[in-house]
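Novice: Pasting in a structure now, in structure tokens, and then I'll have a few things to ask.
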Amino acid sequence: MASTTTQLTIVNRALQLLGSQSISSLQENSRGARAMNRAYLPRLHNLLRLGIWNFALARAILAASATPPSFGKANYFPLPGDFLDLAPPDETWNFNFTDWQIEGQQIASDDQSPIKIKYITSSVTESMFDVCFAEAFAADLAVNTCEELTQSNTKMATAAKAYDTAIEDAKKRNAFEKRPTKPAEDTWVTKRF
């Protein structure tokens, strides 16, 4: 699904939710543009980490580092530079996902090299956003810049309500688009008496 969502459309939607003047460029010297520029990336990365968003999924095959952990696990696997969070594995993977521990910018594991991961990437563009996510993100920006731009508790409450509704809609839409996953086999189910 092609999207015409841009950074500017998201920011202007956030400003609209606050009843503030829209901007024509994020580089302009206005109060709204400066506030949105400061909030944009931190709030985007935060919101991306809050869910397993289909549009932000990426895959990688990770080789073990030449330097193993000092103790405990057998290998370190350096994470990609755009890594934000791990996504659940596919049921076809043949390694022990529950064994993994994220330590800094790497995974410590007893698995042998290489390992395959699905992860939430920060390398997304606004045109990739689902429209429901874009609305939730705009509302999140409105909530987080409201004090600076309006000093209004009423507008803060209105923006917070808009965010709650939008994030719920975005999570539902995202869930509808996911393929059902099979639970891991359990001996309680597979054991024959």
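Read-outs throughout are calculated quantities, based only on the coordinates presented, and are distinct from any laboratory measurement. Note that the structure is predicted; figures quoted are calculated from it, not measured. Counting neighbours? That spans all protein chains shown, and the Cβs are built from the backbone with ideal geometry, glycine included.
Novice: For the chain, what percent of Cα pairs sit more than 21 Å apart?
Specialist: Everything past 21 Å amounts to 60 percent.
Novice: With N set to the number of residues, divide the alpha-carbon radius of gyration of region 57-121 by 2.2 N^0.38 Å and report two decimals.
Specialist: Rounded to two decimals, the normalised Rg is 1.02.
Novice: Let me ask something additional. At 27 Å minimum axial length over the Cα atoms and a Kyte-Doolittle cut of -1.0, report the qualifying DSSP H helices in the chain, or say none.
Specialist: Those that pass (Cα extent of 27 Å or more, hydropathy at least -1.0) are 31-49, 153-177.
Novice: Mind scanning 118/171; 118/178; 118/161; 73/116; 118/172 and naming the pairs with a C-alpha gap bigger than 25 Å?
Specialist: Over 25 Å apart, Cα to Cα: 118/161.
Novice: Can you give the FRET efficiency to the nearest 0.05 for residue 172 and residue 110, using r as the Cβ-Cβ distance and R₀ = 41 Å?
Specialist: On the way: r = 38 Å, r/R0 = 0.92.
With a Förster radius of 41 Å, E is 0.65.
Novice: Give the residues of region 1-41 whose amide nitrogen is closer than 18 Å to a point set 7 Å from the Cα of residue 150 in the direction of its Cβ.
Specialist: 10-23, 31-37, 39-40
Novice: Tabulate in residue order the Karplus-calculated ³J(HN,Hα) for region 111-116, using 6.51 cos²θ - 1.76 cosθ + 1.60 with θ = phi - 60°, rounded to whole Hz; enter x for Gly and Pro.
Specialist: Karplus-based 3J(HN,Hα) across region 111-116 equals 5, 8, 6, x, 10, 10 Hz.
Novice: OK, next. Using 0.36 nm times the number of residues separating residue 103 and residue 118, minus their current alpha carbon distance, what extension gain do you get?
Specialist: My answer for the length gained is 3.7 nm.
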